[in-house]
1. Can you work out the Karplus-derived ³J(HN,Hα) for every residue in the stretch 340-351? Use 6.51 cos²θ - 1.76 cosθ + 1.60 with θ = phi - 60°, whole Hz, and x for glycine or proline.
2. For the stretch 63-181, build the charge dipole from Cβ charges (+1 Lys, Arg; -1 Asp, Glu) around the Cα centre, then report which of Ile93, Asn110, Met131 sits farthest towards its positive end.
3. Rounding to the nearest 20 debye, state how big the charge dipole of the stretch 63-181 is about its Cα centre with +1 on each Lys and Arg Cβ and -1 on each Asp and Glu Cβ.
4. Where Rh denotes the Kirkwood radius from the mean inverse Cα pair distance, what is Rg over Rh for the stretch 276-342?
5. Starting from the residue with the highest accessible area, list Met126, Met228 in decreasing order, probe 1.4 Å.
6. Multiplying the sequence separation of Thr92 and Lys153 by 0.36 nm and subtracting their Cα-Cα distance, what value in nm do you get?
7. Heavy atoms of the protein only, probe of 1.4 Å, neighbouring chains included. What is the accessible area of Tyr207 in Å², nearest 10?
8. To the nearest 0.05, how large is the calculated FRET efficiency for Lys354 and Thr315 if R₀ is 30 Å and r is the Cβ-Cβ distance?
Amino acid sequence: MDAEKSSSSSFEDLSNLNEQERAELASSVLDPSLIKEQPSTAEQEPNPESEAKLTEENESECMDILGNGTLLKKVVKKGRTELRPESKDLVTISYTGRLEDGTVVEEQSNVVVQIDDVEVVQGLDMALKLMNEGEVAEVIVNPRFAYGELGLKDPSEQDPVIRTVPPNATITYTVELVSMQEESDIEVRTYVSRKEIGNKKRLRGNYWMKRQEYNLAIQSYRRALEYMDDTVSAGGMMESGPASVELSTTELQDLLEDRMKVYNNLALAQLKISAHEAALKSVDHVLKCQPNNAKALYRKGKILDAKGDTAGAITLLQKAATIDVDDKLIQSELSKLILKSKREARNERDLYQKMLGQAQKLEQKTKAAPAAQNNESSKIMMWGYLVGTILIGVVGVAIFRYNNP
């Protein structure tokens, strides 16, 4: 059977229609009165209510920023422009953070933060790059990107047990992106501006250090150094716009002290994540300018100890202890290292003795083996002589009896 005419075909079989039936079918298809004219999409009149409803539904939807439900963003009010901030831009924001029970735990108005410099909680920092200027949004931040397992202690409270944010708390922020601007070149900033911004980022690094977020601390310290480091020439001149400004001795000393604080803390953060080589470079920046900096000597000693150089660490800590005789932490660490060194020496000595004892035993066994072989040979020879003597006697007796029957 022809496949086109089989009962399983999805097309209607028109081959058996006569001419009249075909004509009726053609006329019915082509009759304009039987066709209901549908307006095109372009000709349909717009419905403002439908469009407003659609826009409202789109705005009410949550954006899953990370794709795993830990950071959600919902537009509350559309921005006045389509501009969004980029990394390192300065934004002015106002925000309120609430716990799930509605308790307000954070509130700031018209505060200036720098994008990607974690000057607010991580979740809020990430969400700001997805907001338009003038936009108001609701951002739901999982504990991982808020205050985590530690929560947040209220510095105004005398009781250290009381926390503003409890551990593992989800925080809902209502945030407004008031305005935004690009970061200006560091070279055009004044000494006072650089010092202020650099120390702000240094203190933020200290905040992350206390929370044991060492990678974020390193990020903040490196940003601080961008404002403090390599800004002053050997002659005490600092670039400020098209001209250079000569700094006073006091200003130079203040800038140096701030830089040393940052490098010292940076070395500690790098040590915490076992970045030993990077930590050595950071602490050497300090010792190059301040060879008697007790804190830097202590930090370098800790780094050397982590690298397995106990003797070198003891030398540095002994020097630090003579510089700062009242520092109990240095004294305590030095005592630990001395005990560790003695224990290592004792273990090494025991190991050598054990190895030496095994060597002596092996030598004794080697010497004993030939002696044992000699003794065995002597015994065999003695038995041979004895048996030979007996045989000779027996043969002699037999011969004597044979000759004298």
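The values are calculated or read from the model by the stated rules, or taken from the named source; none is laboratory data. Please read all numbers here as calculations on a predicted model, not as lab measurements. A quick note on method: Cβ atoms are made from the backbone with ideal geometry, for glycine too, and the neighbour counts reach across all protein chains shown. To get the accessible areas, we keep the full protein, side chains included, count just its heavy atoms, and leave off ligands, DNA and RNA. Shrake-Rupley method; radii C 1.70, N 1.55, O 1.52, S 1.80 Å.
1. 5, 5, 5, 5, 5, 5, 5, 4, 5, 5, 4, 5
2. Met131
3. Here the stretch 63-181 has a charge dipole of around 340 debye.
4. 0.95
5. Values: Met126 60, Met228 0 Å².
From most accessible down to least: Met126, Met228.
6. Details: separation 61, 0.36 × 61 = 21.96 nm, distance 2.51 nm.
That works out to 19.4 nm of additional length.
7. Rounded to the nearest 10, that gives 60 Å².
8. After rounding to 0.05, the efficiency reads 0.50.
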